[in-house]
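Novice: Please find one structure pasted underneath; my questions will follow.
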Amino acid sequence: PGRPEVVCRWAPDGEALFPRREGHVLRDLARFLLGRGESDVLAEFFAARAATRRAAARARVAGLTGAARLVEVARILSEEGYMAEAAVGADGRPVLRLTHCPISAVVGVTPVPCQVEEAFVRELLGHRLERIEYLPAGASACVYARPDRAPRARPRRR
């Protein structure tokens, strides 16, 4: 009696050493919503999540083009847990390679998060994307490239 109470809790670095289950809870929530026919709610959630990130991400890529823009998009996605990198594909095209999926637990239940995230990346890059590899299909990464453009027709000589 009379002594101060000792209160102890983990610091953030210490907390990170313990198993996390958020992914499993999110997966279960997605299954629950889908089981109730609420796929539109799930799609709305992921769209709203992307919307909260949009302005800051667009500001970071504003004025960048080509490889510089691709590198900055990779940085943004890496900060979000995707372990992204700008690389050169086997066919020589620049690619965006995502070697980790921080939302893989949900992606195993529904493709909705992938569709929303792909649209978000397409918006940041400013062009269409072609998925070359896909983690949920067993690849080592999700890899995206700009689709090949048809070669320009050469003007005829007269």
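The values are calculated or read from the model by the stated rules, or taken from the named source; none is laboratory data. If you're wondering where the values come from, they're calculated on a predicted model, not measured in any experiment. Neighbour counts run over all protein chains shown; Cβ positions are idealised from the backbone, glycine included. Accessible surface is based on the protein model in full, side chains and every heavy atom, while ligands, DNA and RNA are left aside. Shrake-Rupley method; radii C 1.70, N 1.55, O 1.52, S 1.80 Å.
Novice: With an 8 Å Cα cut-off and a minimum separation of 6 or more residues, compute the relative contact order for the chain in percent.
Specialist: Across the chain, relative contact order equals 19 percent.
Novice: Let me ask something else. Measuring from centroid to centroid over Cα atoms, what is the spacing of region 32-93 and region 1-22 in Å?
Specialist: So the separation of the two Cα centres works out to 33 Å.
Novice: Might you tell me the accessible area per residue for region 1-151, computed with a 1.4 Å probe and given in Å²?
Specialist: Working: 9840 Å² over 151 residues.
Counting only protein heavy atoms, the per-residue value for region 1-151 is 65 Å².
Novice: Report the local net charge at residue 132: Lys and Arg +1, Asp and Glu -1, summed over other residues whose C-beta lies under 10 Å from its C-beta. Show your work: numbers first, answer last.
Specialist: Working: positive: 93, 97, 131; negative: 91, 130, 133.
Computed value for this residue: 0.
Novice: Which of the DSSP-defined H helices in the chain satisfy a minimum axial length of 30 Å, computed from C-alpha atoms, and a minimum mean Kyte-Doolittle hydropathy of 0.0?
Specialist: In the chain, the long hydrophobic H runs are 39-61.
Novice: Using only alpha-carbon positions, what ratio does the radius of gyration of region 24-85 give when scaled by 2.2 N^0.38 Å?
Specialist: On the way: Rg = 15.5 Å, N = 62, 2.2 N^0.38 = 10.6 Å.
Dividing the Cα Rg of region 24-85 by 2.2 N^0.38 Å gives 1.47.
Novice: Something else now. In what sequence, highest mean first, do 130-140, 88-98 appear when ranked by Cβ atoms within 10 angstrom?
Specialist: Numbers: 130-140: 12.8, 88-98: 16.1.
With the highest mean Cβ count within 10 Å placed first, the list reads 88-98, 130-140.
Novice: Go ahead and run the numbers for FRET between residue 128 and residue 40, Cβ-Cβ distance against an R0 of 25 Å, rounding to 0.05.
Specialist: 0.50
Novice: Quick one: with all protein chains in place, what share of the accessible area of region 47-158 is carbon or sulfur, to the nearest percent (1.4 Å probe)?
Specialist: 52 percent
Novice: Any idea how far apart residue 48 and residue 83 come out in nm if each label point goes 7 Å out from Cα toward Cβ?
Specialist: Here the answer is 3.1 nm between the modelled labels.
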